[in-house]
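S.K.: Below you will find the structure I want to go over with you.
The values are calculated or read from the model by the stated rules, or taken from the named source; none is laboratory data. Keep in mind it's a predicted model, so treat the numbers as computed, not measured. Cβ placement follows ideal geometry from the backbone for every residue including glycine, while neighbour counts extend to all protein chains displayed.
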């Protein structure tokens, strides 16, 4: 029994490591976890109860691959309110935004096809893409988003099917793509006839500054597929995201989802729909923003206080993560494995797995939404102290074989 | 923007047709729908409420790709009770059994790889497989399951990655594979080093006769992957199935599911787990069996009374479907489209889409669980009358272009 060739890359995605690095005694900056105390448990309980007792005899039946229409209408209305002309018919519900990534890769990629990813990028996106055996072209991140000149050079010289980008509070860097770069990216996509996959699960979680238009809202040729999710604004346990695409693309994606899992949970879609009818989702998001802004500020303050001078980090305007860079050659993966986890019970996501091809080792993704304020201060202090020690005794961190 | 090559086959799976053929005024024998009046709505409502109010702060958080352990333990215990030695660690939860089919194809198939399917087979399995561009080898169904001699001839002469089979109350024919053939299939799989994907969502729904061992329970080399589901015994809207596989296979499948949708819904897994703690699932299944036996008997009685002599059909021991065969050349798809649907508002699944390669047109899958007893009698009478008319005026059914 020989497995498919794709398993040479899918066997170790790093996703499981990520979950493993979050045991009970660990201060984890590794996960991309919401603050559990913000889940609207009672409101969701009531909403599900109302769905169950609504007398809708179809609630527990097979329904449709595209998803429950009233929920799609509510999502479309929210997107329109933020400047993105969207109809319910443009939307398909997915198993979290993650399934959207998988389905778009399935739609577009034959083995060897060109795929542009940001460097670094979202670990789970690489796990999804690897199953379709693309040829990756990494384009570096800058402080205002992807390096547009480098992107243009790739598009000029290589055959590319699509560009994968997280323009708002990027995973893992927290960076926001500037408006100029959003416009430039659309222009390049039109010029070189490539698709853009805009993955935007953090968009509503802005703590500072003003929102920029989505790339999809700048798209006049139907070449952007947009992904959104309830995971970060309600609960990841619902496994409910959505995808917005032009009719010709959506038709294919619906067929692919049918083959993949038939449809998303009708019960859960009703539950979320009832939640949105009975509650003010924007007020809930405001609560989340306030809490996460506080945590982010605490993280930045602790970093400023405790990090060695050699460490660089940013102060993101939203999302879940900030990005730490150490001097070139400093291996944040080896440091965590050999010292930080065993000696301090602290974890983050080392950068090596976050690059499609270059495996740069001197960065780390730090999550500030999951840990408590106390854990942030304690954990960042311990991290800073350990980094200082390692910097001044370089032999402490052995190179990984 | 050019789509991946797979979309040449995935664009029209027939799955959407299947849903479309079930409008409000249609007597549908097409769907694979449970009887909605059997859904344990109140009990599930209570179970979800208990999950929400359990004080488990992790309920709405990201959890694990493999799935909620207490639920996997309950499933393992049920499988052991039916003679299948299974540990919770052998199980991964999936988005219905459909996702299991997709993930196994993803694990095994490179484009062009050999795949044995029964002829006819489950429409949704072909939709899943098509995304991986296999080379199909059809093996005919006989009254006691797949034609083992024909299977052996394929395995002797072709390179095959795995065999896809629905051994109990097959979709679409309702046929049960005999014990002798189950043993022969395992023997051949061992001899030719191929994998078996045993898809068994209907196993608990036996109305007559005694259960046979699953193929997985005869497997001594860890080469059978077994799929089960709550869709037919609780509710398809929960989108919850499971997969049993040997550790080496399971490890890869967990990584592939991670890339595909991260994990299944923790909330739904808790809800089902609480349902199983608070209710007697076997008693519920007994109720379902009694109702479906009554419907199946009504369907067989109506077929016996109303079908033309030229029609052949079976009396399955369980499941959702019986299989109707008309004389060679009679096009059940054209007949439905041109006459039965527009003139009688009756639908079924014509056989053409249920063959991977041969597109045989003279069969139909008839579902007896979804329609009411009245609809069964009225619908089958109208179907019989219309078939008699068409048989005696052969020009009525025009060949499809």
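S.K.: Taking region A:143-170 on its own, how many of its residues are in a helix (DSSP H, G or I) and either surrounded by 16 or more Cβ atoms within 10 Å (Cβ to Cβ) or without any contact (Cβ under 8 Å) to a residue 12 or more places away in the chain (or both)? I'd like the intermediate steps shown before the answer.
M.R.: Applying the first criterion (in a helix (DSSP H, G or I)) to region A:143-170 yields A:148-157.
Adding the requirement that they be either surrounded by 16 or more Cβ atoms within 10 Å (Cβ to Cβ) or without any contact (Cβ under 8 Å) to a residue 12 or more places away in the chain (or both) leaves A:148-155, A:157.
Number satisfying all stated conditions: 9.
S.K.: Within region A:368-381, how many residues turn out to be touching a residue at least 12 places away in the same chain (Cβ under 8 Å), out of contact with any helix residue (DSSP H, G or I) (no Cβ under 6 Å at 6 or more places or on another chain) and surrounded by fewer than 24 Cβ atoms within 10 Å (Cβ to Cβ)? Reasoning before the result, please.
M.R.: Initially, region A:368-381 is screened for residues touching a residue at least 12 places away in the same chain (Cβ under 8 Å), giving A:368-371, A:373, A:375-381.
Among the residues that remain, those that are also out of contact with any helix residue (DSSP H, G or I) (no Cβ under 6 Å at 6 or more places or on another chain) are: A:370-371, A:375, A:378-379.
Imposing the further condition that a residue be surrounded by fewer than 24 Cβ atoms within 10 Å (Cβ to Cβ) reduces the set to A:370, A:375, A:378.
Summing the residues that are touching a residue at least 12 places away in the same chain (Cβ under 8 Å), out of contact with any helix residue (DSSP H, G or I) (no Cβ under 6 Å at 6 or more places or on another chain) and surrounded by fewer than 24 Cβ atoms within 10 Å (Cβ to Cβ) in region A:368-381 gives 3.
S.K.: For region B:281-308, which positions are under 16 Å from residue B:382 (Cα atoms) and in contact with a helix residue (DSSP H, G or I) (Cβ under 9 Å, 6 or more places away or on another chain)? Quick ask: steps written out before the conclusion?
M.R.: Going residue by residue through region B:281-308, those that are under 16 Å from residue B:382 (Cα atoms) are B:298-308.
B:298, B:299, B:301, B:302, B:303, B:305, B:306, B:307, B:308 - these are the residues of region B:281-308 that are under 16 Å from residue B:382 (Cα atoms) and in contact with a helix residue (DSSP H, G or I) (Cβ under 9 Å, 6 or more places away or on another chain).
S.K.: Take the residues of region B:237-271 that are away from chain A (no Cβ under 11 Å) and part of a helix (DSSP H, G or I): which is surrounded by the fewest Cβ atoms within 10 Å (Cβ to Cβ)? Steps first, answer last, please.
M.R.: Step one: filter region B:237-271 for residues away from chain A (no Cβ under 11 Å), giving B:242-245, B:247, B:250.
Now narrow it down to the ones that are part of a helix (DSSP H, G or I): B:247, B:250.
Details: B:247: 10, B:250: 19.
Top of the filtered list is B:247.
S.K.: If you don't mind, another one. Taking residue B:290 as the residue in question, decide whether it is within 16 Å of residue B:203 (Cβ to Cβ), free of Cβ contacts under 8 Å to residues at least 12 places away in the same chain and surrounded by fewer than 17 Cβ atoms within 10 Å (Cβ to Cβ). Steps first, answer last, please.
M.R.: Working: within 16 Å of residue B:203 (Cβ to Cβ): no; free of Cβ contacts under 8 Å to residues at least 12 places away in the same chain: yes; surrounded by fewer than 17 Cβ atoms within 10 Å (Cβ to Cβ): yes.
Here the answer is no, as residue B:290 does not meet what is asked.
S.K.: (1) under 15 Å from the mean Cα position of the chain (by Cα); (2) without any contact (Cβ under 8 Å) to a residue 60 or more places away in the chain: which one isn't true of residue B:173, the others all being true?
M.R.: (2)
S.K.: Going through region B:7-35 one residue at a time, which ones are at pLDDT below 95, at the interface with chain A (Cβ under 9 Å from one of its Cβ atoms) and closer than 30 Å to residue B:323 by Cβ?
M.R.: B:10, B:11, B:12, B:13, B:15, B:16, B:19, B:31, B:32, B:33
S.K.: Additional query: With surrounded by fewer than 17 Cβ atoms within 10 Å (Cβ to Cβ) and more than 21 Å from residue B:27 (Cβ to Cβ) as the only criterion, which of B:309, B:356 stands out?
M.R.: Numbers: B:356 fails: surrounded by fewer than 17 Cβ atoms within 10 Å (Cβ to Cβ).
Testing whether each residue is surrounded by fewer than 17 Cβ atoms within 10 Å (Cβ to Cβ) and more than 21 Å from residue B:27 (Cβ to Cβ) leaves just B:309.
S.K.: Give the number of residues within region B:203-224 that are under 20 Å from residue B:161 (Cα atoms) and in a loop (DSSP other than H, G, I, E, B). It would help to see each step written out before you state the result.
M.R.: The first filter runs over region B:203-224 and keeps only residues under 20 Å from residue B:161 (Cα atoms), leaving B:215-216, B:218-224.
Restricting the remaining residues to those that are in a loop (DSSP other than H, G, I, E, B) gives B:215, B:219-223.
Within region B:203-224, residues that are under 20 Å from residue B:161 (Cα atoms) and in a loop (DSSP other than H, G, I, E, B) number 6.
S.K.: So if I check each of A:234, A:227, which one is outside any loop (DSSP other than H, G, I, E, B) and crowded, with 24+ Cβ neighbours inside 10 Å?
M.R.: A:227
Residues are listed down the side, and each one gets a yes or a no for (1) within 14 Å of chain B (Cβ to nearest Cβ); (2) touching a strand residue (DSSP E or B) at 6+ places or on another chain (Cβ under 6 Å); (3) closer than 26 Å to residue A:351 by Cβ:
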{"position": "A:138", "(1), (2), (3)": "no, yes, yes"}
{"position": "A:182", "(1), (2), (3)": "no, no, yes"}
{"position": "A:190", "(1), (2), (3)": "yes, no, no"}
{"position": "A:193", "(1), (2), (3)": "yes, no, no"}
{"position": "A:204", "(1), (2), (3)": "no, no, no"}
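S.K.: Now for a separate question. For region B:140-174, which residues satisfy the criterion of being within 14 Å of chain A (Cβ to nearest Cβ) and in contact with a strand residue (DSSP E or B) (Cβ under 7 Å, 6 or more places away or on another chain)? Write out each step before concluding.
M.R.: To start, the set of residues in region B:140-174 that are within 14 Å of chain A (Cβ to nearest Cβ) comprises B:155, B:159-164, B:171.
B:159, B:160, B:161, B:162, B:163, B:164, B:171, listed by residue number.
S.K.: Still on this structure, I have one more. In region B:70-124, which residues are in a helix (DSSP H, G or I), at the interface with chain A (Cβ under 9 Å from one of its Cβ atoms) and on the phi < 0 side of the Ramachandran plot?
M.R.: Of the residues in region B:70-124, the ones in a helix (DSSP H, G or I) are B:70-81, B:88-90, B:96-108, B:123-124.
Retained after the next criterion (residues that are at the interface with chain A (Cβ under 9 Å from one of its Cβ atoms)): B:96, B:98-99, B:101-102, B:105-108, B:124.
Within region B:70-124, B:98, B:99, B:101, B:102, B:105, B:106, B:107, B:108, B:124 meet the criteria.
S.K.: If a residue has to be under 18 Å from residue A:117 (Cβ atoms), in contact with a helix residue (DSSP H, G or I) (Cβ under 8 Å, 6 or more places away or on another chain) and in a helix (DSSP H, G or I) to count, how many in region A:187-198 make the cut? Lay out the reasoning, then the answer.
M.R.: First, pick out the residues of region A:187-198 that are under 18 Å from residue A:117 (Cβ atoms): A:188-189, A:192, A:194-198.
Next, from what is left, pick out any that are in contact with a helix residue (DSSP H, G or I) (Cβ under 8 Å, 6 or more places away or on another chain): A:188, A:192, A:194-198.
Filter once more, so that each one left must be in a helix (DSSP H, G or I): A:188, A:192.
Selection size over region A:187-198: 2.
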